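The values are calculated or read from the model by the stated rules, or taken from the named source; none is laboratory data. The shown structure was predicted, so the numbers you read here are calculated from the model rather than taken from an experiment. So basically every Cβ, Gly included, is an ideal-geometry build from the backbone, and we count neighbours across all protein chains shown.
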Ligand code: UDP
């Protein structure tokens with residue numbers, strides 16, 4: 001626990017990725033000690049301070065062990081995962097290896113080094129499609145795609161290790177992680193972008209001619225899918241609260257969303273408002289594995305851990321994301337060339 005004379009040291013596995021790096025920056029800003037462990041296959045070195053990065057793969061059990069020992073790690077946040085639903089349908093083997101076996105490697109290294117707190121990045125994709133909205137932590141977990149099944153398997157594994165080895169664990173089920181650092185210095189940047197907001201804003205900065213809208217005849221208020229977009233700063237705040245609460249014996253799952261359902265067309269409208277003009281898109285067939293509506297109830301974490309999301313409106317999310325895309329149209333490649 002945080003006491004005036006003890007600062008907890010947290011290892012962020014996957015800490016150079018989009019959500020992980022936002023959490024690393026948040027922890028450092030809020031009086032924690034933290035380092036990232038990342039292969040940089042999906043993460044970006046420029047997203048974290050150079051002296052806070054250990055370059056390593058999730059499959060490298062020796063290096064995970066060594067890192068926890070050398071840095072006297074006391075807590076782990078585990079972000080590292082593959083997270084594309086369509087890709088998980090095509091290559092389940094890669095998803096089970098990274099998301100399930102990778103989690104086992106992290107847990108084994110924790111047990112070996114007596115690290116007894118973990119906060120895990122789980123997902124709304126672990127819930128079934130038949131649940132009523134908003135989803136609570138009591139809603140039925142019945143994932144419909146391999147990605148969600150690998151994340152649910154990892155949740156179960158963490159709970160089993162926690163019971164057997166006296167760990168404290170927080171399972172954080174993100175809805176749609178979005179937005180950027182409020183100063184516009186860090187944000188979303190993937191080699192192969194598949195997420196709605198960055199694709200829309202890349203179109204705005206001229207990196208794309210148009211973007212696609214997956215499905216226009218869903219049974220929703222305007223025919224497009226409804227999602228719950230939650231800002232990375234708010235996810236970061238939740239991680240801090242969860243790691244501080246995760247004393248041995250603590251085992252809780254929490255949804256992380258705003259409770260606001262936003263359609264794809266509403267996202268586009270918010271982006272067009274902050275950009276100041278209309279953007280080109282095409283409505284095409286729906287994407288495999290997409291449910292019509294996903295909205296969170298996050299009352300549990302608000303009540304139990306006093307989580308207070310600061311970016312509840314899609315407009316605020318679009319504003320921060322637009323600042324990042326305007327500053328760095330080609331993402332971290334532009335950031336690196338502006339600092340060298
Ligand atoms: N979406 C879209 N066009 C895209 C990417 C996404 O219409 O190019 C839709 C997608 O069908 C979903 C929403 O936008 O309803 C959010 O998708 P995203 O891939 O950003 O996140 P996910 O919900 O898959 O985690």
For residue 129, indicate whether it is in contact (Cβ under 8 Å) with a residue 60 or more places away in the chain, within 16 Å of the ligand (Cβ to nearest atom), under 21 Å from the mean Cα position of the chain (by Cα) and surrounded by fewer than 17 Cβ atoms within 10 Å (Cβ to Cβ). yes
From the list 119, 115, which residue is under 26 Å from residue 232 (Cα atoms), within 18 Å of the chain's Cα centre (by Cα) and more than 16 Å from the ligand (Cβ to nearest atom)? 119
Can you go through 18, 37 and tell me which one is in contact with a strand residue (DSSP E or B) (Cβ under 9 Å, 6 or more places away or on another chain), surrounded by 15 or more Cβ atoms within 10 Å (Cβ to Cβ) and under 20 Å from residue 256 (Cα atoms)? 18
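Of all residues in segment 224-233, which are away from the ligand (no atom under 13 Å from the Cβ) and buried (at least 24 other Cβ atoms within 10 Å of the Cβ)? Before the answer, list the steps.
So the first thing to find is which residues in segment 224-233 are away from the ligand (no atom under 13 Å from the Cβ), and the list is 231-233.
Listed by number, the residues that qualify are 231, 232.
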Residue match in segment 187-197 (condition: at pLDDT 95 or above, away from the ligand (no atom under 13 Å from the Cβ), within 20 Å of residue 42 (Cα to Cα) and part of a loop (DSSP other than H, G, I, E, B)): yes
May I ask you to list the residues in segment 44-60 that are in contact with a helix residue (DSSP H, G or I) (Cβ under 7 Å, 6 or more places away or on another chain) and more than 17 Å from residue 105 (Cβ to Cβ)? 44, 46, 47, 48, 52, 53
Can you tell me which condition residue 221 does not meet? The list is (1) in a loop (DSSP other than H, G, I, E, B); (2) surrounded by 17 or more Cβ atoms within 10 Å (Cβ to Cβ), and all the others hold. (2)
Could you count how many residues in segment 202-223 are touching a residue at least 60 places away in the same chain (Cβ under 8 Å), within 12 Å of the ligand (Cβ to nearest atom) and closer than 19 Å to residue 178 by Cβ? 7
Does residue 103 satisfy being surrounded by fewer than 17 Cβ atoms within 10 Å (Cβ to Cβ) and either touching a helix residue (DSSP H, G or I) at 6+ places or on another chain (Cβ under 8 Å) or over 21 Å from residue 239 (Cα atoms) (or both)? no
Selection from segment 70-92 of residues outside any loop (DSSP other than H, G, I, E, B), away from the ligand (no atom under 16 Å from the Cβ) and over 20 Å from residue 168 (Cβ atoms) yields 70, 92
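Could you check how many residues of segment 284-333 are more than 23 Å from residue 173 (Cα to Cα) and surrounded by 15 or more Cβ atoms within 10 Å (Cβ to Cβ)?
Initially, segment 284-333 is screened for residues more than 23 Å from residue 173 (Cα to Cα), giving 284-286, 319, 322-333.
Narrowing further to those that are surrounded by 15 or more Cβ atoms within 10 Å (Cβ to Cβ): 286, 319, 322-325, 327-329, 331-332.
Here the count works out to 11.
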